[in-house]
Amino acid sequence: MAIHAADFRELRLDRLSRQFGAMNALNDVSLTVRRGEFIALLGPSGCGKSTTLNCLAGLLPATGGGIFLDDRRIDNLPPEQRGFGMVFQNYALFPHMSVRKNIGFGLTMRRVSKAEIARRVADAVALVRLQGQEDKLPGQLSGGQQQRVAIARAVVVEPPLVLMDEPLSNLDAKLRLEMRAEIRRIHTTMGGTTIYVTHDQEEALSLADRIVLLRDGSVRQVGTPDELYNRPAHLDVAEFMGFRNRVPGRVAQRDGDQVIVAVENATVVAQLREDLAPGAEAVLAVRPEDLVASDDGALVATVTSTEFRGRDHTGFARMADGTELVFHSEHSAPRGSIVRLRPAPERTLVFA
Amino acid sequence: MVQRPSWLARLWVTAVWALVGFFILNLFAMIATVVLDSFASRWLGTWLPLGWTTRWYGSAWDEFQLGDVLIVTFEAVFLVVLISGLLGVPAAYALARRDFPGKRLVMLLFLLPLLIPPITYGIPMATVLYQAGFAGSLSGVVMANLVPTVPFVVLVMIPFIEQIDPRIEAAARVFGANTPRLFLHVLLPLLLPGVLAALLLVLVRTIAMFELTFLTAGPTSQTLVVALYYAVFAAGVRAVQSIDAMAVIYMATTLVWLVLALRFVNPTQIVGRAKRA
Amino acid sequence: MTALAPSLPQRLGLRMSLAARGVDTLTLLMLPAAAFLLLLFVYPFLYGLWISFQPKEGGAFANYGRFFSDPFLYDTIWSTLRLALPVTLVNLLIAVPIALRVRLMRRQRVLTTILVIPITLGTVLVAQGLLNYLGPQGWFNRTLMAAHLISSPVRLLHNYWGVFLSLLITGLPFTFLLTLSYVSGVDPALENAAATLGAGAPSRFRTILLPLLLPGLAITFCLSFVQAFSVFPSAVLLGAPSGPTRVISLAAYEAAFEQYDYGLASAIAMIMGAVQLGVVVVVLAGRGLLYRGASGGKG
């Protein structure tokens, strides 16, 4: 492929902040992105991930901190001078221009020669596999095709950085999987650097080299998908990553990161994620699939309902102190029955 | 830190706002001269009047028979509002809820009186009203004014009715409401805000409607705006302050209703729903 | 339907076939309003067309012949166009940049409310206000003289400029509010997209906003022009109604209510309508060449 990303070493966000009136939409966000990385900004709505992206693109002025491309400060540049490519949530294709004109827009603005534009547009069309659609208007394309045009338009200018703002949120489930693979393929093919905003943890896990988890305008954790999935640093990160069960307890014994936590009148072996001394109050976090019905299970609860999931059942139960639990079991547990649940020691985490 | 727009961009923004400011300044200054002059004992060749008085209001009231004019104005406006509501709302309901052959033609029929300026269709219409014996009386004025207001109500109400979920009516039917009860308990409360807004706009527009009233009014069926026109037309016969006093009374009657209307509607709706064309 | 008195099965059949096409009792609710407009809008128009071909003397086209042979009459087309076209263009040229700024504001209501005032007050009151304000002793001339921009008062009343300015004051808010509604219909993400692709503000306007706005601006132009072309009270009160601002509506009014020649008056009204229609058709024909689909997002 003839389209390659522009060269640079790293992009650095230095204590980037954005206030809307008295509200801190973004609070001292610092991050270094190396060339070639695929970074996902992940978090619930209102966490500041889109604000970060818009500040990066220059569509929203930051109110504090700086953005540096290598050693060049770029946060005072208007968007048209930053030279990043951006894929918008609703694609934002120019409705009055053909696919060809849409893709070539950035090149036209850069006063590239006509022949060069034609050549590079053809390359971009090939890259996103839209051959034969060049003369259609965006309104005549399907959602997935529009998405491809939006990507082609962003990458054809060979930007150092491609920004994507929830690009898959308007597609149906099947197309979303397909386009996910496409986005990853294009990223790899052109050797680009991508910053990708999403609220879907599965999307972030499957696409990104590194995930930045944001909450309330602050970075909560930066790490590889494996780190975020298996070793969330905080309870709220764990919750967002699918640790649905939270059981209050007290640290009984500690051996390095291995702890024994007392819950009601039983004990649970778990991994410590925050610094806690024996005797401290703690919260156990565990995924439903790591909470299995077993005769030696430490957590005793009454089943309130079950749902059939196909391969197994999801059960809902309540402990004596009122804590709600979600667990998986091979058999449907009758409502009102008592279950003993065993949290998998390696995958049960302890937070303050 | 914060993005700094170029000086050219800032100059452009400043120029645009200066233009807005200049327009509004002139507008308010123009209105202010009318108001100030109506309270001026004498105002000639100075920045401000030499003295203040309220006597022009008394003389305007007598000279222009404003009592009668106001009664005619309110009668005409009340009738126009009432009838355009009675004709327009059901029509809007039918057009919002049903698709039928020729609907586009009917919509065109309701659009044209709003798109064609009153003076263009007013002259043949006044001719017909004169020949039918209606012109020169209150009924002629009311009929003429209804021509743009009925379509106005229809076009303002159609989108309002469309955003009411028809399933609400279906639900009421399912729960056993018959047609009158459906209308009284379900439709009327839902439609009321829209009807109120549309009729207030009709009211404001009718008070200010000059051309159609002018073409169809006789000496005893002049509304305020037509009386004002004649007074300005014959300027020199009466003191300017007297005319300005009348103008202030006219402004007051219009603006009171405008302020009231703006509590319920977006200002842009006063321009009409031309965009739907 | 009852007058036809068909047999019962036939009536049922008619009702059902009507219902199948969407016509039922509810549809009939629009009949009174439609009938009213047919009677007081369509019929007078057709009647006017008919009597315009029934002159007091001469053949069927005598009224039209008279109009186009009498400079005192046919000149009104020119003097009206001379007012309406420039005013509409100026209004549009002022309204577009303002609307482009205002759409970025969160609180537009104060401004739109202020701008609705001159529309609501109407042409007659604006005329009276301008008679005070623009007069030789009015604030406008006094301010210019105090600023030493002029040495003697500018004559702005009872000539072309008086009418022009009154059309500007009542027409600009109308044009602006229409323009604003079109401008707000363009998805701001399109401009953002263009910006990230390297387009500066002038390029964004030229390549994105303007092409998307042009169809709406064409409609706005038509509606504003038609309003300006039917100028009446301000042409009489602020202009020179026997000279340069003798507009076409005045000629029609005089024919009807001073000469009581309804045939000629209707003919003039028809010519007025035809000129308006002509300009609108030309503009909309040009619009047919433009992109007219959704302008993204809200469009």
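The values are calculated or read from the model by the stated rules, or taken from the named source; none is laboratory data. This one's a predicted model, so the numbers in the text were calculated from it and none came from an experiment. For neighbour counting, all protein chains shown are included, and Cβ atoms are generated from backbone atoms with ideal geometry for every residue, glycine included.
Overview of values
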read-out: Positions within the range C:246-265 being at pLDDT below 90 and either basic (Lys, Arg) or within 19 Å of C:GLY135 (Cβ to Cβ) (or both), in sequence order; value: none
read-out: Out of C:SER242, C:SER249, C:SER203, sole residue that is within 10 Å of another protein chain (Cβ to nearest Cβ), within 30 Å of C:GLY58 (Cβ to Cβ) and either free of Cβ contacts under 8 Å to residues at least 40 places away in the same chain or in contact with a helix residue (DSSP H, G or I) (Cβ under 8 Å, 6 or more places away or on another chain) (or both); value: C:SER249
read-out: Selection count, the range A:318-342, where residues are assigned to a strand (DSSP E or B), of a type in the set (Lys, Arg) and more than 21 Å from A:VAL269 (Cα to Cα); value: 0
read-out: Residues (facing another protein chain (nearest Cβ under 7 Å), more than 18 Å from C:LEU156 (Cα to Cα) and under 22 Å from the mean Cα position of the chain (by Cα)) located in the range B:21-46; value: B:ILE24
read-out: Answer residue from the range C:32-74, given it is assigned to a helix (DSSP H, G or I), polar (S, T, N, Q) and in contact with a helix residue (DSSP H, G or I) (Cβ under 7 Å, 6 or more places away or on another chain) and is nearest to the other protein chains (Cβ to nearest Cβ) among those; value: C:SER52
read-out: Filter result for the condition that a residue is outside any loop (DSSP other than H, G, I, E, B), assigned by TED's automatic domain parsing to the domain that holds B:LEU114 and either farther than 27 Å from B:ALA197 by Cβ or among the β-branched types (Val, Ile, Thr) (or both), over B:VAL225, B:VAL265; value: B:VAL225
read-out: Residue in the range B:201-211 that is of a type in the set (Phe, Trp, Tyr) and either closer than 30 Å to B:TRP56 by Cβ or outside the structural domain of B:THR120 (by TED's automatic domain parsing) (or both) present; value: yes
read-out: Candidates A:ALA40, A:ALA6, A:ALA62, A:ALA22, filtered to the one that is away from chain C (no Cβ under 14 Å), aliphatic (A, V, I, L, M) and surrounded by fewer than 17 Cβ atoms within 10 Å (Cβ to Cβ); value: A:ALA22
read-out: Counted residues, the range B:47-100 - those being under 30 Å from B:LEU191 (Cα atoms) and not in a helix (DSSP H, G or I); value: 3
read-out: Only one of A:PHE68, A:PHE88 that is surrounded by fewer than 19 Cβ atoms within 10 Å (Cβ to Cβ), in contact with a strand residue (DSSP E or B) (Cβ under 9 Å, 6 or more places away or on another chain) and hydrophobic (A, V, I, L, M, F, W, C); value: A:PHE68
read-out: Qualifying residue in the range C:76-93 (condition: exposed (fewer than 14 other Cβ atoms within 10 Å of the Cβ) and either over 26 Å from B:PRO117 (Cβ atoms) or touching a Leu at 6+ places or on another chain (Cβ under 9 Å) (or both)); value: no
read-out: Residue in the range C:139-154 that is at the interface with another protein chain (Cβ under 8 Å from one of its Cβ atoms), in a helix (DSSP H, G or I) and either aliphatic (A, V, I, L, M) or surrounded by 24 or more Cβ atoms within 10 Å (Cβ to Cβ) (or both) present; value: no
read-out: Complete set of residues in the range A:20-40 that are of a type outside the set (D, E, K, R) and in contact with a strand residue (DSSP E or B) (Cβ under 6 Å, 6 or more places away or on another chain); value: A:ALA25, A:LEU26, A:ASN27, A:VAL29, A:SER30, A:LEU31, A:THR32, A:VAL33, A:PHE38, A:ILE39, A:ALA40
read-out: B:PRO117 being in contact with a Lys or Arg (Cβ under 9 Å, 6 or more places away or on another chain), at pLDDT below 90, within 30 Å of C:GLY278 (Cα to Cα) and not aliphatic (A, V, I, L, M); value: no
read-out: Condition met for A:GLY106 (under 20 Å from C:LEU210 (Cα atoms), small (Gly, Ala, Ser), under 31 Å from the mean Cα position of the chain (by Cα) and within 9 Å of chain C (Cβ to nearest Cβ)); value: yes
read-out: Residues of the range A:93-122 satisfying the condition of being in a loop (DSSP other than H, G, I, E, B) and free of Cβ contacts under 8 Å to residues at least 24 places away in the same chain; value: A:ARG111, A:VAL112, A:SER113
read-out: Residue in the range B:2-14 that is more than 7 Å from chain C (Cβ to nearest Cβ) and under 27 Å from the mean Cα position of the chain (by Cα) present; value: no
read-out: Filter result for the condition that a residue is free of Cβ contacts under 8 Å to residues at least 12 places away in the same chain and either hydrophobic (A, V, I, L, M, F, W, C) or at negative phi (or both), over C:LEU168, C:LEU157, C:LEU92, C:LEU144; value: C:LEU144
read-out: From B:VAL195, B:VAL237, B:VAL232, B:VAL226, residue being surrounded by fewer than 24 Cβ atoms within 10 Å (Cβ to Cβ) and within 11 Å of chain C (Cβ to nearest Cβ); value: B:VAL232
read-out: When residues of the range B:11-50 are limited to those that are in contact with a Ser or Thr (Cβ under 7 Å, 6 or more places away or on another chain) and either in the same structural domain as B:ALA231 (by TED's automatic domain parsing) or among the hydrophobic types (A, V, I, L, M, F, W, C) (or both), the one farthest from B:VAL225 (Cα to Cα); value: B:LEU50
read-out: Some residue of the range B:128-139 being in contact with an Asp or Glu (Cβ under 9 Å, 6 or more places away or on another chain) and either more than 14 Å from chain C (Cβ to nearest Cβ) or small (Gly, Ala, Ser) (or both); value: yes
read-out: Pick from the range B:60-103, criterion more than 14 Å from chain C (Cβ to nearest Cβ) and small (Gly, Ala, Ser), ranking: farthest from B:GLU169 (Cα to Cα); value: B:GLY67
read-out: Residue within the range C:50-66 that is surrounded by 14 or more Cβ atoms within 10 Å (Cβ to Cβ), under 24 Å from the mean Cα position of the chain (by Cα) and among the hydrophobic types (A, V, I, L, M, F, W, C) present; value: no
read-out: Tally, over the range B:70-102, of residues that are under 17 Å from B:PRO151 (Cβ atoms) and out of contact with any helix residue (DSSP H, G or I) (no Cβ under 7 Å at 6 or more places or on another chain); value: 3
read-out: Close pairs (7 angstrom Cβ cut-off, 6 or more residues apart or separate chains): in contact (Cβ under 8 Å) with a residue 24 or more places away in the chain and over 12 Å from A:PHE351 (Cβ atoms) in the range A:241-267, of a type in the set (Gly, Ala, Ser) and buried (at least 18 other Cβ atoms within 10 Å of the Cβ) anywhere; value: A:ASN245/A:ALA285; A:ARG250/A:ALA282; A:VAL263/A:GLY249; A:VAL263/A:ALA298; A:ALA266/A:ALA298; A:THR267/A:ALA298
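Every residue, every condition in (1) in contact with a Lys or Arg (Cβ under 8 Å, 6 or more places away or on another chain); (2) of a type in the set (Gly, Ala, Ser); (3) surrounded by 18 or more Cβ atoms within 10 Å (Cβ to Cβ), yes or no:
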site: A:ARG110; (1), (2), (3): no, no, no
site: A:ILE117; (1), (2), (3): no, no, yes
site: A:ALA122; (1), (2), (3): no, yes, no
site: A:ARG129; (1), (2), (3): yes, no, no
site: A:LEU137; (1), (2), (3): no, no, no
